[in-house]
Amino acid sequence: MVYPTLIAAVSDATQPRDRARVVGVYRFWRDFGFVAGALIAGFGADATSASAAIVLVAVLTAASGLVVVATPWNARPMLRPRPAS
């Protein structure tokens, strides 16, 4: 349920002319995260145990959230359409 909300937030935070590119970049990193998470969980479970792999994925997820919280976000002013003459 979180992905439609995140993609809407990404769309809302970009200019219309940049939206397709920015959403594409967002989707790439989202899908890359799925692959990386599956590999980390699989290798972690093989090396230790399934519960240790789950803890590892939880720690990485929390760390990524902390990185987002610590990132200084600068809102760009939205362009307003010119009034019709």
Across segment 6-38, what is the number of residues that are assigned to a helix (DSSP H, G or I), loosely packed, with under 13 Cβ neighbours inside 10 Å and not aliphatic (A, V, I, L, M)?
11
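Per-residue answers, yes or no, for (1) out of contact with any Phe, Trp or Tyr (no Cβ under 8 Å at 6 or more places or on another chain); (2) at pLDDT below 85; (3) part of a loop (DSSP other than H, G, I, E, B):
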{"site": "Asp46", "(1), (2), (3)": "yes, no, no"}
{"site": "Ala52", "(1), (2), (3)": "yes, no, no"}
{"site": "Val57", "(1), (2), (3)": "yes, yes, no"}
{"site": "Ala63", "(1), (2), (3)": "yes, no, no"}
{"site": "Val68", "(1), (2), (3)": "yes, yes, no"}
{"site": "Pro72", "(1), (2), (3)": "yes, yes, yes"}
{"site": "Ala75", "(1), (2), (3)": "yes, yes, yes"}
{"site": "Met78", "(1), (2), (3)": "yes, yes, yes"}
{"site": "Ala84", "(1), (2), (3)": "yes, yes, yes"}
Any residue in segment 57-70 that's farther than 15 Å from Ala41 by Cβ: show its pairings with residues that are small (Gly, Ala, Ser) and at pLDDT 90 or above at Cβ separation under 9 Å, as long as the two are six or more apart or on different chains.
none
Taking the condition in contact with a Ser or Thr (Cβ under 9 Å, 6 or more places away or on another chain) and modelled with pLDDT under 90, does Arg30 pass?
no
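The values are calculated or read from the model by the stated rules, or taken from the named source; none is laboratory data. Given the structure is predicted, the values throughout are model-derived calculations rather than measurements. All Cβ positions, even for glycine, are placed from backbone atoms using ideal geometry, and neighbour counts span all protein chains on display.
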